[in-house]
Amino acid sequence: MTFQDEKNPGQRADSVQDADTAPAAPETVPPEVDAQAAVAQMLVRLQTERDALAAKYNAAIRQLADLDNARKRIERERRDDAARHTAHVIESVLPVLDAFEHALAAHSEPAYEDYRKGFELICRQLMDSLARFGLTRIEAVGKPFDPHLHQAIERVESEDHHDGTVLADLRYGYKLRERVLRPALVRVAVKPAPKESEPAHAPAESDTPVN
């Protein structure tokens, strides 16, 4: 202890106490640690923004898909409505075609030749006009019977045709594109029924053996 310390012992004690209670100097953080933390925070923000953008993009894609599906559905319903209206109009015209066919079939005499030519021309023009909408006549004669295209209203036994062959059109059938608008009424060939075999010849009395 120095002479000054011995002279002022209280002052020395206070100095020692102040030194013990003084705050410690802050620890210094290396610059590279601060840079890594900043990069990590930036990556987190970037990932968050990327996720938000991806969610918005997916939502926009779904909305576009919904709009495209709605557009296709409306177009399909519009086509179906147009097809139904067209079919309804053509169905109302088919009896007129039938009337022309009956008139042409009924008057085949030479005296009606000029009338036949006029009827044939009108009938052909009408059929050509309807064909532009997709109407076609179902070919039946000589074809195998098809219940989806034909309606048999008469069956005729025939040995000259295969069983189920259409022999005649009694009323023409029509298709509107792929849809059967009206089946054809047809006459169909069937196999003749087998003839019953003759009963076996009964033995005569003279043939009966005598016991």
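Selection of the range 157-200 for residues being of a type in the set (A, V, I, L, M, F, W, C) and within 30 Å of Glu91 (Cα to Cα) yields Val166, Leu167, Ala168, Leu170, Leu176, Val180, Leu181, Ala184, Leu185, Val186, Val188, Ala189.
Results for (1) of a type outside the set (Val, Ile, Thr); (2) closer than 27 Å to Pro183 by Cβ; (3) at pLDDT 90 or above, shown as yes or no for each residue.
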site	(1), (2), (3)
Ala99	yes, yes, no
Tyr112	yes, no, no
Met127	yes, yes, yes
Gly142	yes, yes, yes
Val166	no, yes, yes
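Within the range 71-128, take every residue that is more than 30 Å from the chain's Cα centre (by Cα) and in contact (Cβ under 8 Å) with a residue 40 or more places away in the chain and give me the one that is surrounded by the most Cβ atoms within 10 Å (Cβ to Cβ). Taking the candidates together, the pick is Leu97.
The condition of being surrounded by 13 or more Cβ atoms within 10 Å (Cβ to Cβ) and over 22 Å from Val96 (Cβ atoms) does not hold for Val141.
Yes/no per residue for (1) over 36 Å from the mean Cα position of the chain (by Cα); (2) of a type in the set (A, V, I, L, M):
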position	(1), (2)
Phe133	no, no
Ser158	yes, no
Leu176	no, yes
Val180	no, yes
Lys195	yes, no
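Among all residues of the range 151-158, there is at least one that is of a type in the set (Asp, Glu) and either modelled with pLDDT under 90 or loosely packed, with under 12 Cβ neighbours inside 10 Å (or both).
Every residue in the range 59-99 that is of a type in the set (Ser, Thr, Tyr) and in contact with a strand residue (DSSP E or B) (Cβ under 8 Å, 6 or more places away or on another chain), please.
Within the range 59-99, just Thr86 meets the criteria.
Consider Phe119 carefully, then state whether it is modelled with pLDDT under 90, farther than 24 Å from Pro183 by Cα and either in contact with a Leu (Cβ under 7 Å, 6 or more places away or on another chain) or part of a helix (DSSP H, G or I) (or both). Taking the combined requirement at face value, the residue satisfies it.
In a helix (DSSP H, G or I), closer than 30 Å to Gly134 by Cβ, at pLDDT 90 or above and among the charged types (D, E, K, R), is that true of Arg73?
Numbers: in a helix (DSSP H, G or I): yes; closer than 30 Å to Gly134 by Cβ: yes; at pLDDT 90 or above: yes; among the charged types (D, E, K, R): yes.
So Arg73 fits the description; yes.
The values are calculated or read from the model by the stated rules, or taken from the named source; none is laboratory data. All figures in this text were calculated on a predicted structure; none of them were measured in a lab. Don't worry about glycine lacking a Cβ; one is built from the backbone with ideal geometry, like all the others, and counts go over all protein chains shown.
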